Amino acid sequence: MRQFRIGGGRRMHNLIFCTVCAGALTFVGLGLTIDPAVYVIALVVAVCLVGVPHGGVDSWEGRRWLVPVVGSHWCWVFFSGYLAVAVLVVVGWLVMPLWTAILFFLVSAWHFGWEDNGLRSKTLLWNHLAAIGSGGLVIWIPALCRPSEMQSILEWVVPSSMPTSALQIVGTARSIAMIFVPIAISDFGFSLAKSYARKLPLESSLLRNPLLVALFAWTPILFSFGFYFCGWHSIRGLVHMKEEQKISNSELLFAVLPLSLGAIGLTGAATWFWSSGRELSAELSRSLFIGLSAIAVPHLILNGVVESLPRLTSEKIDHETHRARGLTQ
């Protein structure tokens with residue numbers, strides 16, 4: 001019997017995640033439903049408590065990279081750049097919603113996929129394409145299977161006065177999905193074939209990803225996105241943060257608590273600012289998605305692109321070294 005490869009410290013999380021995922025699919029399969037407002041409120045709370053804090057030590061990473069370059073001025077350089085990118089994203093939603101939405105979808109997909117898969121192949125271009133494909137399933141599958149629901153959510157975010165419509169964003173996302181879903185399937189197949197060919201334990205993603213695809217296709221978007229983002233990606237990020245920084249649980253809690261409280265306060269303020277007699281769920285959703293994208297892009301730039309550069313360089317050097325050794329033997 002083939003065994004699944006799951007890190008010892010993460011085995012229980014993966015088991016719980018897959019069990020809840022299967023339970024949610026059963027719930028929907030039985031025809032049971034929950035008020036959409038409950039999804040929105042639960043998603044906002046989960047994002048504030050788990051989603052936002054998983055990037056809680058971005059400033060620590062910024063300090064590590066910037067101190068050798070700008071010395072004691074690292075704080076001003078880091079926070080001014082971080083906030084500038086966040087403000088540009090918010091402005092983008094209000095001025096160029098189509099391009100901002102597609103950019104947000106692509107960078108989020110890459111970030112999710114890169115965090116889960118990393119460097120699987122010796123071909124760096126394929127690694128990036130596979131990351132966008134597999135990491136973006138949380139976006140691409142709903143765009144293909146639940147376009148009307150995605151359009152309704154985007155209509156909460158895109159200003160009604162803009163010529164760009166939520167329908168255009170969904171249509172563009174569906175076109176992109178037609179490219180990247182086959183890439184994700186191919187990457188899934190390559191990983192499975194490689195595991196069997198080398199008689200390696202099967203990766204846990206080969207069990208988890210089919211469940212996620214079904215979840216993204218058959219459950220409400222606000223639930224599937226929140227469950228994946230908070231229940232999988234963010235918790236993994238917090239665990240990785242704790243291990244990388246070598247800090248205790250209490251130190252991690254104190255490091256991320258200000259961000260959680262700040263996120264709750266900003267969400268409440270944004271909801272009040274945008275409130276104009278419409279339903280509360282619409283205001284919360286608009287605040288949530290615009291805020292998430294504003295936070296996600298600078299977080300991606302710091303923890304995705306910057307952190308990947310030395311790994312990419314090291315991997316490339318290793319490949320060239322192995323190739324050179326092969327030619328000389």
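Here are a few things to note about the model shown:
- Residues that are modelled with pLDDT under 90 and outside any helix (DSSP H, G or I), drawn from region 110-147: 118, 119, 120, 121, 122, 123
Conditions (1) modelled with pLDDT under 75; (2) over 20 Å from residue 130 (Cα atoms); (3) surrounded by 15 or more Cβ atoms within 10 Å (Cβ to Cβ); (4) basic (Lys, Arg), marked per residue:
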| residue | (1), (2), (3), (4) |
| --- | --- |
| 179 | no, no, no, no |
| 190 | no, no, no, no |
| 202 | yes, no, yes, no |
| 208 | no, no, yes, yes |
| 211 | no, no, yes, no |
| 220 | no, yes, yes, no |
| 232 | no, no, yes, no |
| 236 | no, no, yes, yes |
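- The single condition among (1) under 21 Å from the mean Cα position of the chain (by Cα); (2) at pLDDT 85 or above that residue 29 does not meet is (1).
For (1) crowded, with 19+ Cβ neighbours inside 10 Å; (2) at pLDDT 80 or above, each residue gets a yes or a no:
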| site | (1), (2) |
| --- | --- |
| 64 | no, no |
| 80 | no, yes |
| 104 | yes, yes |
| 108 | yes, yes |
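- Of all residues in region 17-45, those being of a type in the set (Val, Ile, Thr), under 15 Å from residue 215 (Cα atoms) and in a helix (DSSP H, G or I) number 4.
- The condition of being assigned to a helix (DSSP H, G or I) and either exposed (fewer than 15 other Cβ atoms within 10 Å of the Cβ) or not hydrophobic (A, V, I, L, M, F, W, C) (or both) holds for only one of 93, 76, that being 76.
- Residue pairs meeting the criteria (Cβ under 9 Å; at least 6 apart or on separate chains; first among the β-branched types (Val, Ile, Thr), in region 142-156; second part of a helix (DSSP H, G or I)): 153/166; 153/221; 153/222; 153/285; 153/289
- Check on residue 242, at pLDDT 75 or above and surrounded by fewer than 13 Cβ atoms within 10 Å (Cβ to Cβ): no
The values are calculated or read from the model by the stated rules, or taken from the named source; none is laboratory data. If you're wondering where the values come from, they're calculated on a predicted model, not measured in any experiment. Note that each Cβ is placed from the backbone with ideal geometry, even for glycine, and that neighbours are counted across all protein chains shown.
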